[in-house]
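The values are calculated or read from the model by the stated rules, or taken from the named source; none is laboratory data. Since this is a predicted model, take the numbers as computed values, not measurements. Quick reminder, even Gly has a Cβ in these numbers, built from the backbone with ideal geometry, and neighbours come from all protein chains shown. Remember, those area values only see protein heavy atoms, side chains included, never the ligands or the DNA or RNA. Shrake-Rupley method; radii C 1.70, N 1.55, O 1.52, S 1.80 Å.
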Amino acid sequence: MTIARIALVGDRSSSVQSHMRIPSLIEALRERDGLTLDAYWTPTTETADLEGFDGIWMLPGSPYRSEAGAVNAARTAREHAIPFLGTCGGFQHTLLEYARNVLGLAVAHAENDPGADDFLLRPLACSLVGHEGVIRLASGSLVERIIGAERTVERYSCTFGLNPDYLPVLQEGGLSFTGHDDAGDVRVLELPAHPFFLASLFQPELAGDGSWPHPIIAAFASAAVTLAASRTRA
């Protein structure tokens with residue numbers, strides 16, 4: 001049996017509902033999908049050595065203690081071809097990492113640096129805390145293949161999102177935005193050249209009652225197990 005070591009990047013808190021669901025989701029992955037994960041909670045202040053993990057999952061719970069640590073977790077996964085899932089705050093900081101380190105943009109997150117001059121992430125026009133909504137998925141995208149449909153209804157708990165002024169430069173720079181709400185706002189991103197790199201503004205951890213893994217979470221776990229198996233054979 002292959003066991004995948006995954007880093008759960010986030011500042012663990014009993015006040016964050018998605019954090020409290022992690023144990024039952026990991027157990028469900030083992031029992032229902034045959035995917036065994038050895039999960040390590042990793043504070044955003046301690047992300048310097050993540051290269052040895054088989055998967056990196058950046059969880060909700062921002063503002064993080066360390067913006068730089070969160071950004072580094074996304075960078076490590078991107079540069080080392082480690083399966084990556086970012087949800088809510090993870091989605092936001094994945095965008096920040098790519099804009100800064102790949103595209104060289106001097107941009108900020110309004111939650112972390114409200115006095116900055118140029119925001120990549122800014123407050124949503126309407127808070128999505130406690131909301132759910134339809135997401136339309138791009139045909140042929142990773143997320144569409146995972147869900148098995150071109151639309152899905154997902155739950156949110158967030159107040160910050162992408163500044164749409166930066167959408168063209170991010171797309172031209174290599175990111176794929178493969179999920180949008182009915183208003184056309186970005187809700188899912190992918191990195192096509194990567195084995196598994198997906199982030200969503202919605203929180204798949206909040207699907208259902210927490211006793212079964214959302215297909216996105218199962219797909220991430222499967223990618224991590226696949227990497228762990230390949231490392232064992234090497």
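Structure data summary
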read-out	value
Normalised contact order of the range 17-120, rounded percent, pairs of Cα under 8 Å and 6 or more residues apart	20
Prolate/oblate/rounded label for the range 183-222 (Cα gyration tensor, a/c 1.5)	oblate
Low-density loop positions, GluC sites (Glu not before Pro), the range 145-234 - DSSP coil, at most 16 other Cβ in 10 Å	Glu150
Hull volume in cubic angstrom per residue (convex hull over the Cα atoms of the range 1-81)	86
Ranking by accessible area, most exposed first, for Ile3, Ile22 with a 1.4 Å probe	Ile3, Ile22
Principal axis dimensions, the chain - Cα atoms, whole angstrom, descending	50, 36, 35
Residue order for Val225, Val102 - accessible surface, 1.4 angstrom probe, largest first	Val102, Val225
Tensor-based shape of the range 130-180 (alpha-carbon gyration tensor, a/c under 1.5 rounded, otherwise prolate or oblate)	oblate
Rounded to 5, percent antiparallel among DSSP beta bridges of the chain	45
Most to least accessible of Thr45, Thr94 (protein chains only, probe 1.4 Å)	Thr45, Thr94
For the chain, size of Cβ-based charge dipole, Lys and Arg +1, Asp and Glu -1, in debye	520
Nonlocal amide H pairs with Thr36, under 5 Å, H built at 1.01 Å	Ala4
Cut-off 10 Å between beta-carbons: net charge of the residues surrounding Arg75, Lys and Arg +1, Asp and Glu -1	0
GluC sites (Glu not before Pro) restricted to the range 29-131 and DSSP loop, no more than 11 other C-beta within 10 Å	Glu51
Shape of the range 74-172, Cα gyration tensor, a/c cut at 1.5	oblate
Potential extension, Asp118-Asp209 segment - 0.36 nm per residue separation minus Cα distance	28.9 nm
Distance in nm between pseudo-label sites at Ala48 and Arg151 (7 Å out along the Cβ direction from Cα)	5.0
Label point distance in nm, Glu31-Val102, each placed 7 Å from Cα along Cα→Cβ	3.8
Pairwise centroid distance, computed over Cα atoms, of the range 17-95 with the range 100-170, Å	18
Within the range 96-112, backbone nitrogen closer than 16 Å to the virtual label 7 Å beyond the Cα of Val169 toward Cβ	96-110
